[in-house]
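These notes are about the structure you will find just below.
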């Protein structure tokens with residue numbers, strides 16, 4: 001009888017457990033994380049996975065996030081960049097242009113990428129129409145033509161930065177990227193608008209990083225997935241960091 005009694009108690013417990021597992025309500029879906037959160041999460045969870053690779057160097061997710069933090073601090077502390085400020089990038093698909101974009105977005109600023117057809121001369125015309133604060137250009141290129149402060153892209157992260165980034169909670173819904181159409185109309189896009197493609201595997205970036213058919217559909221999903229972006233454009237020089 002004791003054997004039967006024990007079997008009965010254990011059976012009842014097992015049935016109750018199965019009922020609980022079967023009929024308990026499923027967890028509520030969590031809101032999708034912004035790419036700011038995903039990059040920081042990747043830096044902690046998979047610090048040695050390569051985020052960006054070119055024929056000159058590699059950047060792991062830990063290094064990528066460290067550079068974004070340093071660039072944010074430099075933009076805020078040294079160059080006085082704040083919400084609404086517009087910066088131009090004159091170059092061609094450099095991996096550090098990604099660092100510039102994310103750091104500027106964390107400051108509340110907007111990036112105007114000028115990757116083609118002639119970024120050096122194009123800046124002069126754009127600067128007259130938009131209130132640009134400063135411009136950054138690839139180290140191996142000639143300085144752009146404009147009456148505003150210009151810095152090499154490596155300046156953003158190459159030197160030790162005495163400031164600390166001041167970012168409470170980056171707003172992924174705030175405009176962070178500008179695109180100028182053929183008719184001269186300026187489109188303002190947020191990271192939330194751009195980050196609408198599901199996460200994907202590793203991909204290559206050729207020539208223009210911020211093109212509409214590259215940045216949103218390829219670059220952002222690759223980073224969201226914690227995969228590797230391989231830059232195979234015409235980069236001609238690199239600075240070791």
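All Cα-Cα distances of the range 47-98, cut into 10 Å bins from zero to the largest, leave 21, 45, 30, 4 percent in each bin in turn. Computed from the mean reciprocal separation of all distinct C-alpha pairs, what Kirkwood hydrodynamic radius does the range 150-214 have, in Å? Its Kirkwood hydrodynamic radius stands at 15.4 Å. Volume per residue for the range 53-209 equals 128 cubic angstrom (convex hull of Cα atoms). Legend: ranking of residues 157, 218 from fewest to most surrounding C-beta atoms inside 10 Å; resulting order 218, 157.
Only the coordinates and a few stated rules stand behind these numbers; no lab work does. What you see is a predicted model, and the numbers here were worked out from it, not measured in a lab. Don't worry about glycine lacking a Cβ; one is built from the backbone with ideal geometry, like all the others, and counts go over all protein chains shown.
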